[in-house]
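Here the structure is laid out as structure tokens; the discussion comes afterwards.
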Amino acid sequence: MRNIRKMMGAGALTLALTITGCSAGGGGGTNATVDSSKGASETGQLPTTAWNLADYSKVKDGGQLTLAVDQMPDNWNTLQADGANVSGTQITDPTTGGPVRIKDDGTWEINPDYATEVKLVSEDPQVVEIKLNTKSVWEDGSPITYKDFEATWKANNGTNKAFQIAADNVYKDIESVTREDTDQNFKITFKNKNADWPSILGGSTNGQATASFLPAAIASDPTAFNEGYKSKPLPSNGPYIASTVDTTGKIVTFTPNPKWWGQKPKLEKIIMKVVSRDQLAQAYANKEIDAISIGTNKDNYDTAKKRADGGIEQSGGLTWNHVTLNASKGPLADVKVRQAVAHAINRDTITASRLAPIGAPVTNMNSYIFMPGQKGYEDHGTAAIGYDVAKSAALLEEAGYAKGSDGMYAKDGKALELTYTLDANNPVSEQIFKQLQANLKAVGISMKNDTVPADKFFSDYVLKSNFEMTGFAWSGTAFPISSTESIFYPVDSGQNFTGITDEKLGDMWKKANAELDPAKRLVMANDIDKEIFSYVPVIPLTPTPITYGVTNGLVNYGAAQFRSVDWTAVGWKA
């Protein structure tokens, strides 16, 4: 669970984050299955964990679990910029772990498989002490030591530009990683205080893990870090290994890690295979896969419900869909045009069309940092970018545009036409594009689509800022404040695709990350949120719950907002 935001296609699911651990609408670790006759929009609550829980002793030994992903990893190193997308982190989750894991309420605890002690021993200077489980090893049997953490810190702190990192959050604030009495005991000393320090120490949310540390040999070599794992898995330190990677069939097969030191994994085999979004629900209905992330696609939801030996689970989530604007050139370089576009979009309609059909609470995403219903969440979006056609028109005129006889705006004889890049065969992406197109046309802005191959959408378009407007979803961790920074600051961060920033944000985030008083930190975070809304680099749309179709009998896996998956306990109920 690196402290970065992960990307996923617009049709997929997972939500923003919270430092407080509160879920959207509250709820604890209880299980919940969606009752289609009375959806969550009526109850107003979603649990944080909705999967079927079962004690380890109540899970069958053996069996196979088949899951679907959107694409093969662009890079199996999820700390590298190309690897920080949701499909990659889903695929690597059974093979990775660390000293920290996330509980139902979003708070963290020590993962005893990897550490016997993780604690803040000093606040000034900030010092964290870690004692690793001496049994923990890499896939080849070599011990996990402080050297792995030290090399990973140096690779990700931003000082060596040869490393193509996804983000330097938290790592950039570390002064040193030093050995104590053994290679398994070490201290992390910070030069700048950072309240989200547990985020770099492992764990996952919603079955998505970003490697918290790498073997020292890989983390010390920029070539190995950037290029060495584009087509092959990183060494495992989890309960499973990726034993077979079929790049032609786009299937990864996992089997128990023979060097695993913890409790024996229950499943004999896990298969993850690429299934396109337009075929996903039918594949589940045909019993080709055992569980699916439904997203907010009503057809998928309705199709999944038809499976007689399955059910629907829904929890709070950690994902929000949005429109990202490339403001580095063209009409969108003008803040008034960006604001006009935002005011032209009827987010109420878009959100209702996505959430109401799956029985979820209907609300817009009005914060860049916190989820609705979470402590710290404040609505800054309604005032800044609320639906207002008259305001949109006034802003365009202030920017020098005039409406022609055809009802469309132009400037200096050139029509205001924008292009929206979307991934192919993604019904939700197509639906959002059509809604945006209709909204903008009603104001007098023309928008056309650029549909690109789904497996190239991130690598060739999003990651390279090769778009004018686009949409996907940000998926986060249980540490929302620092993890949001790389989306907006600095301008050349591995996750800022907008082409712009506000230089004030750097100092604001530095102070917020260093504030260890939770209440004061929330105030600082909301000041940051308001500052971002003032220049609108991203238009937030919909906060989405996690909705799964799950085969009856599958336990300890499914819809969960925060809780880390214990892959040793995932399996079929005895």
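The values are calculated or read from the model by the stated rules, or taken from the named source; none is laboratory data. Predicted model, so just to flag it, every value in this text is computed and none were measured. Neighbour counts run over all protein chains shown; Cβ positions are idealised from the backbone, glycine included.
Within the set 130, 144, the sole residue that is closer than 23 Å to residue 567 by Cα and in contact (Cβ under 8 Å) with a residue 24 or more places away in the chain turns out to be 144. The conditions of being of a type in the set (A, V, I, L, M), in contact with a Phe, Trp or Tyr (Cβ under 7 Å, 6 or more places away or on another chain) and farther than 22 Å from residue 392 by Cβ are not met by residue 369.
Restricting the search to the range 103-132, which residues are aliphatic (A, V, I, L, M) and either more than 21 Å from residue 238 (Cα to Cα) or out of contact with any Pro (no Cβ under 9 Å at 6 or more places or on another chain) (or both)? Full working, then the answer.
Step one: list which residues in the range 103-132 are aliphatic (A, V, I, L, M), which gives 110, 115, 118, 120-121, 127-128, 130, 132.
Once the filter is applied, which keeps residues that are aliphatic (A, V, I, L, M) and either more than 21 Å from residue 238 (Cα to Cα) or out of contact with any Pro (no Cβ under 9 Å at 6 or more places or on another chain) (or both), the range 103-132 yields 120, 121, 127, 128.
Could you please let me know if residue 78 is touching a Pro at 6+ places or on another chain (Cβ under 9 Å), assigned to a loop (DSSP other than H, G, I, E, B) and among the hydroxyl-bearing types (Ser, Thr, Tyr)? Criteria not met by residue 78.
Among the residues making up the range 297-330, those that are over 20 Å from residue 368 (Cβ atoms), touching a strand residue (DSSP E or B) at 6+ places or on another chain (Cβ under 8 Å) and surrounded by 23 or more Cβ atoms within 10 Å (Cβ to Cβ) are 300, 304, 312, 313, 314, 315. Applying the condition of being crowded, with 24+ Cβ neighbours inside 10 Å and in contact with a Ser or Thr (Cβ under 6 Å, 6 or more places away or on another chain) to the range 412-442 and asking which residue is farthest from residue 277 (Cα to Cα) yields 422. Candidates 511, 456: the one that is over 28 Å from residue 346 (Cα atoms), assigned to a helix (DSSP H, G or I) and either free of Cβ contacts under 8 Å to residues at least 12 places away in the same chain or of a type in the set (Ser, Thr, Tyr) (or both) is 456.
Quick one: which strands (runs of 3 or more DSSP E) lie wholly within the range 268-384 and hold at least 1 residues that are closer than 15 Å to residue 537 by Cα? Give the derivation first.
On the way: elements: 269-274, 291-293, 310-325.
Correct list: 310-325.
Return the total of residues in the range 393-407 being outside any helix (DSSP H, G or I) and either free of Cβ contacts under 8 Å to residues at least 12 places away in the same chain or surrounded by fewer than 17 Cβ atoms within 10 Å (Cβ to Cβ) (or both). Break it down into steps so the answer makes sense when it comes.
Going through the range 393-407, the residues outside any helix (DSSP H, G or I) turn out to be 399-407.
If we keep only those that are either free of Cβ contacts under 8 Å to residues at least 12 places away in the same chain or surrounded by fewer than 17 Cβ atoms within 10 Å (Cβ to Cβ) (or both) too, we end up with 400, 402-407.
Qualifying residue count, the range 393-407: 7.
Select from the range 208-229 the residues that are in a loop (DSSP other than H, G, I, E, B), in contact with a Gly (Cβ under 9 Å, 6 or more places away or on another chain) and in contact (Cβ under 8 Å) with a residue 40 or more places away in the chain and write down the one among them that is surrounded by the fewest Cβ atoms within 10 Å (Cβ to Cβ).
First, the residues of the range 208-229 that are in a loop (DSSP other than H, G, I, E, B): 209-215, 220-221, 228-229.
Remaining after also requiring in contact with a Gly (Cβ under 9 Å, 6 or more places away or on another chain): 209-213, 221, 229.
With the extra rule that they be in contact (Cβ under 8 Å) with a residue 40 or more places away in the chain, the set shrinks to 209-213, 229.
On the way: 209: 30, 210: 27, 211: 29, 212: 27, 213: 27, 229: 22.
Ranking the candidates gives 229 first.
Whether any residue in the range 184-205 is closer than 22 Å to residue 133 by Cβ, surrounded by fewer than 22 Cβ atoms within 10 Å (Cβ to Cβ) and basic (Lys, Arg) is what I want to check. Yes: one or more hits. Just one residue in the set 465, 486, 429 is out of contact with any strand residue (DSSP E or B) (no Cβ under 7 Å at 6 or more places or on another chain), hydroxyl-bearing (Ser, Thr, Tyr), in contact (Cβ under 8 Å) with a residue 40 or more places away in the chain and assigned to a helix (DSSP H, G or I); that residue is 486.
Looking for something of a type in the set (A, V, I, L, M) and more than 29 Å from residue 481 (Cα to Cα) - is there at least one such residue anywhere in the range 302-310? For the range 302-310, residues of a type in the set (A, V, I, L, M) and more than 29 Å from residue 481 (Cα to Cα): present. Residues of the range 511-531 being among the basic types (Lys, Arg) and closer than 27 Å to residue 339 by Cα, which ones? Residue satisfying the conditions is 530 alone. For residue 188, the conditions (1) touching an Asp or Glu at 6+ places or on another chain (Cβ under 7 Å); (2) at negative phi; (3) not small (Gly, Ala, Ser) are fulfilled apart from (1). The set of residues in the range 72-118 being of a type in the set (Val, Ile, Thr), farther than 19 Å from residue 187 by Cα and either modelled with pLDDT of 95 or more or crowded, with 22+ Cβ neighbours inside 10 Å (or both) consists of 78, 86, 89, 91, 92, 95, 96, 102. Within the range 516-558, being of a type in the set (A, V, I, L, M), modelled with pLDDT under 95 and not in a helix (DSSP H, G or I) holds for 516, 546. Evaluating residue 237 against the criteria (1) touching a helix residue (DSSP H, G or I) at 6+ places or on another chain (Cβ under 6 Å); (2) crowded, with 21+ Cβ neighbours inside 10 Å; (3) assigned to a loop (DSSP other than H, G, I, E, B) leaves one unmet condition, (1). Looking across the range 151-173, the residues that are touching a strand residue (DSSP E or B) at 6+ places or on another chain (Cβ under 8 Å) and buried (at least 24 other Cβ atoms within 10 Å of the Cβ) come down to 155, 156, 165, 166.
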